[in-house]
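For reference, the structure is listed below as structure tokens.
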Amino acid sequence: MALDLLTKKTVQVQDGNDLDWQTAIKTAAQPLVDNGTVGDDYVQAMIDVVEKQGPYINIGPEIALAHSRPRASVKRVGLSLLKTNSEVNLVTKDHPVKLWFVLAATDSNSHLGVIQQLSQVLMDSDRTKKLLAATSTDEILDVLKG
Amino acid sequence: MKFEALCQSGLGSSFMVQMNIQNLLNQENVKENIEVTHSDVGSATAADADYFFLDPTLETAAAGLPEDKVIILKSLVDANELKEKVNAILDKEGIAHD
């Protein structure tokens, strides 16, 4: 699979009805905290930057790519994904999101390969549609294998 | 000719846009040498590039850049939108493409 950082452990699907955007980012990032890729402070930094700078992580329709600058608690490049079956508004209702990607980078270059691969998937509108419609982790992994 | 993709941090989405523009220029068989880079919106100045690509949430942050050099991408992952907007620039600049 092109995006081999996305696995059964780092991809989650939830209903999303009871989530706000902060919880969605925390939930999406939790597998990376659990496996030691990032610290809790990185998760908070991703939330803080949106609170300060606005919903710029909304990179495409219903797609968010949460990330912050490299920091000490980021031990390696990381990527995780939470798919919410219902839309969760990122800050405002103008930014509804169902695909919550979390990216962690250790420097300005280490993550470029991941972005490249992710971009290839997201620029393919058929695959993005399938990801948005997927209701299980296995379904998502199948689409990513593409 | 130089294009620069901008995002808030200069780390993630701007690189994605840079790559997508490069791929598109290849697909369009553009022979002219067009440099494509990425940066964060805070450090970009008008002299850095001929055209800047950014998403609507950065419009205010990019207010210091000349309006006619700023291309707003509603989605960073919409191949059709990117193609339309890049080709419009190529046509305007008289740069041959497919």
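Each value in this text was obtained by applying a stated rule to the coordinates, not by laboratory testing. Worth saying up front: this structure is predicted, and the values here are computed from it rather than measured. When we count neighbours, we look across all protein chains shown, and the Cβ atoms used for this are built from the backbone with ideal geometry, even at glycine.
Going through the stretch A:32-55 one residue at a time, which ones are in contact (Cβ under 8 Å) with a residue 60 or more places away in the chain and away from chain B (no Cβ under 14 Å)? Explain how you work it out, then say what you get.
First, the residues of the stretch A:32-55 that are in contact (Cβ under 8 Å) with a residue 60 or more places away in the chain: A:32, A:37-38, A:42.
A:L32, A:T37, A:V38 - these are the residues of the stretch A:32-55 that are in contact (Cβ under 8 Å) with a residue 60 or more places away in the chain and away from chain B (no Cβ under 14 Å).
Could you tell me which numbered condition A:H95 fails, if it satisfies all but one of (1) within 22 Å of B:T37 (Cα to Cα); (2) at the interface with chain B (Cβ under 10 Å from one of its Cβ atoms); (3) in contact with a Pro (Cβ under 8 Å, 6 or more places away or on another chain)?
The single condition A:H95 does not satisfy is (1).
Among the residues of the stretch A:4-20, is there at least one that is within 14 Å of another protein chain (Cβ to nearest Cβ), touching a residue at least 40 places away in the same chain (Cβ under 8 Å), buried (at least 18 other Cβ atoms within 10 Å of the Cβ) and not in a strand (DSSP E or B)?
no
With within 11 Å of another protein chain (Cβ to nearest Cβ) and closer than 21 Å to A:T27 by Cβ as the only criterion, which of A:N109, A:N58 stands out?
Values: A:N109 fails: closer than 21 Å to A:T27 by Cβ.
The match here is A:N58.
Every residue, every condition in (1) facing chain A (nearest Cβ under 10 Å); (2) touching a Ser or Thr at 6+ places or on another chain (Cβ under 9 Å); (3) within 12 Å of B:M1 (Cβ to Cβ); (4) crowded, with 19+ Cβ neighbours inside 10 Å, yes or no:
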site: B:I34; (1), (2), (3), (4): no, no, yes, yes
site: B:S43; (1), (2), (3), (4): no, no, no, no
site: B:D48; (1), (2), (3), (4): no, yes, no, no
site: B:L54; (1), (2), (3), (4): yes, yes, no, yes
site: B:T57; (1), (2), (3), (4): yes, no, no, yes
site: B:P66; (1), (2), (3), (4): no, no, no, no
site: B:V77; (1), (2), (3), (4): yes, yes, no, yes
site: B:A88; (1), (2), (3), (4): no, no, no, no
site: B:D98; (1), (2), (3), (4): no, no, no, no
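Looking at the stretch A:55-78, which of its residues are part of a strand (DSSP E or B) and surrounded by fewer than 24 Cβ atoms within 10 Å (Cβ to Cβ)? Explain how you work it out, then say what you get.
Of the residues in the stretch A:55-78, the ones part of a strand (DSSP E or B) are A:58-60, A:62-66, A:78.
Listed by number, the residues that qualify are A:G60, A:E62, A:I63.
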